[in-house]
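Data block below; observations after.
The values are calculated or read from the model by the stated rules, or taken from the named source; none is laboratory data. It should be emphasised that the depicted structure is a prediction, and the values quoted were computed from it without experimental measurement. Glycine gets a Cβ as well: all are built from the backbone with ideal geometry, and neighbour counts include every protein chain shown. These area figures cover heavy atoms from the full protein model, side chains too; ligands, DNA and RNA do not enter into them. Shrake-Rupley method; radii C 1.70, N 1.55, O 1.52, S 1.80 Å.
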Amino acid sequence: MPAAVIWLIFGLVLAGAEALTGDMSLLMLSGGALAAAGGSWLLDWPVWAEATVFLVVSVLLLVLVRPALRRRLSPAKGLPTGIKALEGKKALVLDRVARDEGQVKLDGQVWTARPLNEDDVYEPGERVTVMHINGATAVVFKDF
């Protein structure tokens with residue numbers, strides 16, 4: 001059996017095995033095997049030269065193509081949703097915010113609020129930042 005056919009079969013087996021793993025490593029090795037098959041078929045090189053082509057092409061694909069391909073195919077980082085999306089947003093004090101009282105307007109909605117530091121007091125009209133949400137209460141801190 002000619003060496004080109006052996007390299008071709010090896011490349012196809014690696015590509016098939018890649019379908020089971022999804023890591024993209026075997027696909028890059030498959031590319032190296034197919035390059036070696038092409039070199040063997042076109043140039044009739046000795047086996048050591050074909051193995052060198054396999055090695056060089058595989059390493060180049062693993063180093064240059066695989067990282068970009070994995071970045072492209074990996075799911076994007078999702079945006080924060082729910083109460084996590086409100087943390088760090090600016091709010092407007094509507095009613096005096098003190099230890100056990102207060103309201104702020106946050107994203108167009110009125111929220112009960114309390115200061116991050118229990119001794120702080122925020123008057124209506126002041127701008128505050130939501131540090132976190134505790135149940136249905138926004139814990140806020142004054143902007144400087």
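Which whole-angstrom value gives the distance between the alpha carbon centres of the stretch 14-78 and the stretch 107-129?
Cα centres, the stretch 14-78 to the stretch 107-129: 58 Å.
Could you report the stretch 3-73's accessible area per residue, 1.4 Å probe, as an integer in Å²?
Per residue, the stretch 3-73 has an accessible area of 63 Å².
Working from the pairwise distances between different alpha carbons, so that the mean of 1/r is found and then inverted, what is the stretch 83-141's Kirkwood radius in Å?
Computed over Cα pairs of the stretch 83-141, the Kirkwood hydrodynamic radius comes out at 10.7 Å.
For the stretch 3-73, what is the Kirkwood hydrodynamic radius in Å, using each pair of distinct C-alpha atoms?
12.1
Calculated from DSSP H runs of 4 or more alone, at -39500 (n - 2.57) each and per residue, what is the 222 nm mean residue ellipticity of the chain, nearest 500?
Helix-only estimate at 222 nm: -13500 deg cm²/dmol.
When we measure straight from the Cα of residue 142, which aspartates and glutamates land under 20 angstrom away, once same-chain ones fewer than 8 places off are left out?
By straight Cα distance, residue 142 reaches 87, 95, 100, 101, 107, 118, 119, 120, 123, 126.
Using the Cα centre of the stretch 3-73 as the reference point, and only Cβ charges (+1 on K/R, -1 on D/E), how large is the resulting charge dipole? Debye, rounded to the nearest 20.
Taking the Cα centre of the stretch 3-73 as origin, the dipole is about 380 debye.
Rounded to two decimals, what ratio of Rg to Rh does the stretch 2-122 give with C-alpha atoms and a Kirkwood Rh?
1.56
Of 24, 131, 1, which has the most accessible area with a 1.4 Å probe, and how do the rest follow in descending order?
1, 131, 24
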